Amino acid sequence: MSFPKDFLWGGATAANQVEGGYDADGRGLSVMDISTAGSLHARRQVTYAFPDGTTGKAASVPEGAHGAILPGEYYPNHVGSDFYHHYKEDIALFAEMGFKLFRMSISWSRIFPKGDEDQPNQDGLDFYHNVFAELHKYGIEPLVTISHYETPLYLEEHYNGWNNRKMINFYVHYAETLFKEFKGEVTYWLTFNEINTTIMFLDLFATASDADYNKAYQQLHYQYVASAKAVQAAHAIDPNNQVGCMICGITTYPLTPDPKDILKNRYTWETNIFYSGDVQCKGEYPSFAKRLWREHNVDLDITDDDLATLKAGTVDIYTFSYYMSSAVTTHDTGDQVGGNFSIGAKNPYLEYSQWEWADDPMGLKYYLELIYDRYHLPVMVVENGLGAIDKLEADGSVHDPYRIDYMQKHIAAMEQAIENGVDLHGYTSWGCIDLVSAGTGQMSKRYGFIYVDRDDEGNGSLKRYRKDSFNWYKQVIASNGADLHYTD
């Protein structure tokens, strides 16, 4: 069998998308709590208020206003899937599937409601102690993301978020609090979720100014330094801790054999994937960083101490998400992708989901082999799955053969990568229980093995139902990936 005997099978969620309880037990607001729902072709918006009482919603909070929760608006993340009140039931279902690993995140504003306090919120700490105890009761190891798209709103509004160097110390204080508080309960940590999307989204939509790029690269630098300091703290507090980076992994191909497309594809990998990976895994900026900065007249605040910190705080594990691949070209093409965080030329050799994401298991194999060869670090796939519209039948069943088909192919691709020498340690499928989509705020874009009765307007009982994929994944785990067969 290709999968090692101690392979870590499991699933993944994020606090802001699954947890709910947004104002429970002393939790402060996060940036996601002011986000309304969107759709496939309509981006999510945030709501705000000016000092004179004028309110509104837009793509971002206007200058002079502050984020506000407004009556009459629907905020899907406020309840999510209500894991806050259902965690025992949900973890029991994960255990029934045979999970070895559960990737979750901690809500920063549940621990430090504003983000700049000296002392943490004990109720928040107690909640996660209870979650970890429940996981360990079933022999499930937690994999904890420290920051998963959920900065406290107070830090954004009073310190200008990651544009401010002070954020490094706020983050490190938060991370050290977690390492000390949960010592012996958690040994697998990820510092920032999909850290590279700060640049990737600018590059993806190609409408950003040089000032936007300077801001993004500076934010990333402060996050790299914060991550490196957290790695050092984790190792000092508990030598058993294993800390990983987390990269948004999108395999890209040149659309044509035109040398210009070949070079554009290489540069896309360097900008979107290798830039962040090199800093966090090698502890230094790559040689091509100078080209990237020069292209947008970037002038960064980087100190010698920062560079020494990056070198001393390299990660132990490389983890990444993978859902799709993309094609890049310098040519005009009529066949375009235009879905949820996907854009550009459509690959004629691939099929696409309802959200216009390319179904490309070979791209996962390609990514695994390329990344392992580059860094020689243990690898985990910590997000992968198919978002689709599922139907709850009258008898409580949910038939999702399309999800099983997607995952069969991607797990088979992982097996091939292992056979080719990749040191792959674990796999946590994304949204193992239905949750709010980060990109669209929808519940109807479902990923889970467990159906949650809640719709895009916030209606539903929140009752849990096992999908067909639930029993299929249980079989996959029980066979350690040897039996991917599915019978309807």
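Quick notes on this structure:
- Within the range 233-272, the residues that satisfy the criterion of being of a type outside the set (A, V, I, L, M, F, W, C), closer than 21 Å to Asn196 by Cα and touching a residue at least 60 places away in the same chain (Cβ under 8 Å) are Gln242, Gly244, Gly249, Thr251, Thr252, Tyr253, Pro254, Lys264, Asn265, Thr268, Thr271, Asn272.
- Within the range 227-242, at least one residue is part of a strand (DSSP E or B) and of a type outside the set (Phe, Trp, Tyr).
- Only residues that are farther than 30 Å from Thr207 by Cβ, of a type in the set (Gly, Ala, Ser) and not in a helix (DSSP H, G or I) were counted across the range 287-332, and they come to 1.
- The range 51-62, residues that are surrounded by 15 or more Cβ atoms within 10 Å (Cβ to Cβ) and either under 26 Å from the mean Cα position of the chain (by Cα) or under 18 Å from Glu156 (Cα atoms) (or both): Lys57, Val61
Matching residues to (1) on the phi < 0 side of the Ramachandran plot; (2) touching a helix residue (DSSP H, G or I) at 6+ places or on another chain (Cβ under 8 Å):
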position	(1), (2)
Pro361	yes, yes
Glu369	yes, yes
Ala412	yes, yes
Gly421	no, yes
Trp430	yes, no
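Residues checked against (1) assigned to a strand (DSSP E or B); (2) closer than 30 Å to Ser429 by Cα; (3) charged (D, E, K, R):
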{"site": "Ala37", "(1), (2), (3)": "no, yes, no"}
{"site": "Leu40", "(1), (2), (3)": "no, yes, no"}
{"site": "Tyr48", "(1), (2), (3)": "yes, no, no"}
{"site": "Asp52", "(1), (2), (3)": "no, no, yes"}
{"site": "Gly72", "(1), (2), (3)": "no, no, no"}
{"site": "Asn77", "(1), (2), (3)": "no, yes, no"}
{"site": "His85", "(1), (2), (3)": "no, yes, no"}
{"site": "Ile91", "(1), (2), (3)": "no, yes, no"}
{"site": "Phe99", "(1), (2), (3)": "no, yes, no"}
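- For Ala65: the one exception among (1) under 23 Å from the mean Cα position of the chain (by Cα); (2) within 17 Å of Ser35 (Cα to Cα): (1)
- For the range 438-477, filtering for residues that are in contact with an Asp or Glu (Cβ under 8 Å, 6 or more places away or on another chain), surrounded by fewer than 22 Cβ atoms within 10 Å (Cβ to Cβ) and under 17 Å from Tyr84 (Cα atoms) leaves 5.
- Some residue of the range 176-196 being assigned to a helix (DSSP H, G or I), under 22 Å from the mean Cα position of the chain (by Cα) and closer than 30 Å to Ser325 by Cβ: no
- Within the range 388-432, the residues that satisfy the criterion of being in contact (Cβ under 8 Å) with a residue 12 or more places away in the chain, in a loop (DSSP other than H, G, I, E, B) and out of contact with any His (no Cβ under 9 Å at 6 or more places or on another chain) are Ile389, Leu392, Gly396, Ser397, Val398, His399, Asp400, Asn420, Gly421, Val422, Gly431, Cys432.
Here, each number is a calculation from the coordinates, and none is a lab measurement. Note that the structure is a prediction, hence the values are computed from the model and not measured. Here Cβ is always computed from backbone atoms with ideal geometry, including for glycine, and neighbour counts include all displayed protein chains.
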